[in-house]
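Inspection log for the structure reproduced underneath, given as structure tokens.
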Amino acid sequence: MKTVKKFLQMKKQQEPIVMVTAYDYPSGKYVEAAGADLILTGDSLGMVVLGYADTLQVTLEDMIHHARATRRGAPDTFIIADMPHMSYHISIKQTRINAGRLFKEGAVNAVKLEGGKPSRLEAIKAITDCEIPVCAHLGLTPQSIHTMGGYVVQGKEEKGYQAILQQAMDIEDAGAFMLVLEGIPEKLGKEISDKLCIPTIGIGAGRYTDGQVLVYHDILGMSDFKPKFVKQYSNLKSDIVKSLETWKMEVKERIFPSKENIYLPLDQ
Ligand code: KIV
């Protein structure tokens, strides 16, 4: 399993870091088999696995449940799990308790939280103080959709650009070991990645971050929509529906089960 130290080394050696989301035993197993450097059990599971409209309804119990299943599928891969909305917002004490539960009960190697304002920096420091590595997340942070006014690219104007740049530097100082950059201009992704010592992982942040992350269901063509930054490598949604339709047709036509699918056929 790769370590926090290894990810730093990969950045220094300019080796791109590959992160993929996984949410359960099969996705964890396939992502590990593909040799990804690390897994993110993201709260995007609220949308792609649980069918919610956004990530805001995801609970700590949901995250623990899915992180544990992912770990069973990927015993040898570094896993980061998302701290869900309101699990690190109330108090530092509650933040430590929740991060500890996700880390221990979810059997993950690190946790991720969104944002870079002073209260988030305090959360990063408190969790790191518990010897739990923290990955931060800036730019288009999905837990803030209502305050951001939707899923909109962040840092396009100078003021926002400078604010994200400053938050990235503050996050490194607060002790985060990695930073996810989502939905920002390529120039900002490059400038942050050049300035920071910790690795940056981009999603919709252009070509110059130290690594890339995509959602498992987006890569495989199983999502309901395809954002611009996604490249789809399979069309599993249509493969799955076709397979199920074929099986349905074979049952209706009495093609299935055939002799090879029967333990003791009547006419043997
Ligand atoms: O929840 C998630 O999957 C994420 C990635 C999109 C970075 O935060």
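Here are the numbers for the structure shown:
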| quantity | calculated |
| --- | --- |
| Euclidean distance of C-alpha centroids, the stretch 45-97 and the stretch 181-209, integer Å | 24 |
| Stretch gain in nm, segment Trp247-Thr59, where the contour uses 0.36 nm per residue and the Cα spacing is subtracted | 64.1 nm |
| Potential extension, Ile255-Lys195 segment - 0.36 nm per residue separation minus Cα distance | 15.3 nm |
| Cleavage-rule hits (trypsin sites (Lys or Arg not before Pro)) in the stretch 76-183: DSSP loop, at most 14 neighbouring Cβ within 10 angstrom | Lys156 |
| Whole-Hz ³J(HN,Hα) from phi, Karplus 6.51 cos²θ - 1.76 cosθ + 1.60, for the stretch 197-206, glycine and proline x | 8, 6, x, 10, 10, x, 9, x, 10, x |
| Candidate lysines - alpha carbon under 23 Å from Lys190, same-chain residues fewer than 8 apart omitted | Lys5, Lys6, Lys11, Lys12, Lys112, Lys117, Lys156, Lys159, Lys228, Lys231 |
| Gyration tensor (alpha-carbon) shape descriptor, the stretch 62-152, a/c threshold 1.5 | oblate |
| Trypsin sites (Lys or Arg not before Pro) within the stretch 206-237: DSSP coil, no more than 14 neighbouring Cβ in 10 Å | Arg207, Lys228, Lys231 |
| Mean separation of Cα contacts under 8 Å, 6 or more apart, over the residue count of the stretch 4-234: relative contact order % | 17 |
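Rule-based calculations on the coordinates, nothing more; no lab input. What you are looking at is a predicted structure, and each value in this text was computed from that prediction instead of being measured. In this analysis, Cβ positions are derived from the backbone assuming ideal geometry, glycine residues included, and neighbour counts consider all displayed protein chains.
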